[in-house]
Structure formats: structure tokens, C-alpha cells
Amino acid sequence: MKKTEGREKRKTYGPLIQNVLTVLGPVICIPAYVLYSRTGGKIYHLIFIFFLVLFIHGLFRILVPSFLFLIFRYRFDPESFWFSEKSFERKLYERLNVKNWKSFVEKLSFHPHRFDMEKHDDAFILGYMCHAELCHEITIILDLMTCLMAGNIIEFIFLLILALVLVSLEMSFITVQRYNRPRLLRIKKRKEERGEILS
């Protein structure tokens, strides 16, 4: 019980960031666009694009999970080709020292309670891990597509840099999911072997 309470008290900043992106985007985009329209200042245009992309990214983080849930409802096979651990991954994650920084990324989670092993069974958590990974992967594609909004080479470079920053953030989430999932899968199989849960 104490472990569960500890997890519940653990701070997560994902919802706060989501709210900031959703609210701050339009609040700054509108006056920036008005100033650009009246003055023609390029800096106002870049500010407008910057916060517009952040707002769009925030929408992606809301719409993509909802869309995938309607289709799959967290029913994924963690041992399928796409989600299974590849031969190179374990050594790669050791070199990246994922174990040392994954807790920071986990604090940015939007729904940490869905990873709680005392609230949900292993099968649910594994399915949700696959769901979360796929959400981040689709968001990466959508983030890169924002570069198509560019009207000139300067805007394209600006949008590309911004997209790559957002992609790096999404990749950190994917890395943590792919680092944690095989470990939980091995725990689940050991439980099945001991007869603690039905296979």
C-alpha cells in the first residue's frame, strides 16, 4: 500500500505542459499575427509560427492517443515484430545510460497511474506501453510534417529545427517505453511459469 501511495504522490508535469501549450499557443499566436500583419516584421512572423507549432503539437498529443484508443483500446501484442525488443537495443540503451535518466522522462508522463503495477495487471500495462509508443511515433511523423508550412527557406530551417527538438523529446519517451517493456514482459512470463497468473 505504501508503494502505491508513493507513486500517487510522485509529481508528473505532462498535464501541466499540455495545458500550457494549449492555452499559451493561441494567446501569443493571435497578437503576434496581428503585429506581423500591421508591421510586416519577420520576428513577429517567426514568433507566430513558433507558438502555432507548439499549439499544433499539443493538439497532436491529445488527438493521436484518443484516435488510437478508439481503434485498438490498448489491445496490442508486445511480442509482435514492431514492439518486440531487437537484438541491438539492450546494448544501445546501456550506452545511452537510459537507466540513469529515464525517471526524469517518466515525470513528463501524462498518465503515470496507467503504469501502476498495483492498480493494473501486467497485460494491461504492456498494452498501454505499446499504445504510448505508437502515439509518440505517429506524433513524430506529424511534427516533421509541420515543415510543410514553410513559405521560404528561412521558415523551413526554423520549422525543421523546432520539429527536430520535438522529435528528440518524443524519441526519449519511445526509448523509455522500449527499455521498460521487455523487463515487464519477462516479469509477466516468470509469473506465468510460477502459476501466479494465467497465460
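Throughout, read-outs are computed from the coordinates displayed, never taken from laboratory work. Predicted, not measured: the structure shown is a model, and the values here were computed from it. Note that each Cβ is placed from the backbone with ideal geometry, even for glycine, and that neighbours are counted across all protein chains shown.
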task = Between Met117 and Arg73, take the C-beta separation as r, use R0 = 30 Å, and let me know the FRET efficiency to the nearest 0.05.
result = 0.90
note = The FRET efficiency for Arg186 and Phe124, from their Cβ-Cβ distance with R0 = 22 Å and rounded to 0.05, is 0.85
remark   = For the chain, using Cα atoms only, the Rg and Dmax in Å read 19.9, 72
inquiry  = Given the DSSP H assignment, sum -39500 (n - 2.57) over each helix run of at least 4 residues in the chain and divide by its residue total; what's the result at 222 nm in deg cm²/dmol, nearest 500?
reply    = -25500 deg cm²/dmol
ask   = Hey, what angle do you get for helix 14-39 against the long axis of the chain, alpha-carbon based, 0 to 90 degrees rounded to 10?
value = 10
message = Take the chain, mark every one of the chymotrypsin sites (Phe, Trp or Tyr not before Pro) that falls in a DSSP loop and has at most 14 other Cβ within 10 Å, then report the longest stretch left between them, sites excluded.
response = 89-199
task = Give me the angle, in degrees from 0 to 90, between the Cα long axis of helix 42-72 and the longest principal axis of the Cα atoms of the chain, rounded to the nearest 10.
result = 30
ask   = By the gyration tensor of its Cα atoms, with a ≥ b ≥ c the square roots of the eigenvalues, what is the shape of region 52-106: rounded for a/c under 1.5, prolate for a/b over b/c, or oblate?
value = oblate
request  = Could you give the size of the charge dipole of region 15-193 about its Cα centre, using +1 on the Cβ of each K and R and -1 on the Cβ of each D and E, expressed in debye and rounded to the nearest 20?
outcome  = 320
message = Tell me whether region 80-128 comes out rounded, prolate or oblate; compute the Cα gyration tensor, take square roots of the eigenvalues as a ≥ b ≥ c, and use a/c under 1.5 as the rounded threshold.
response = oblate
query = Stretch Phe156-Glu196 to full length: gain in nm at 0.36 nm per residue minus the Cα-Cα span?
reply = 8.9 nm
request  = Grab the Cα-Cα distance for Lys42 and Leu59, subtract it from 0.36 nm times how many residues apart they are, and report the gain in nm with one decimal.
outcome  = 3.6 nm
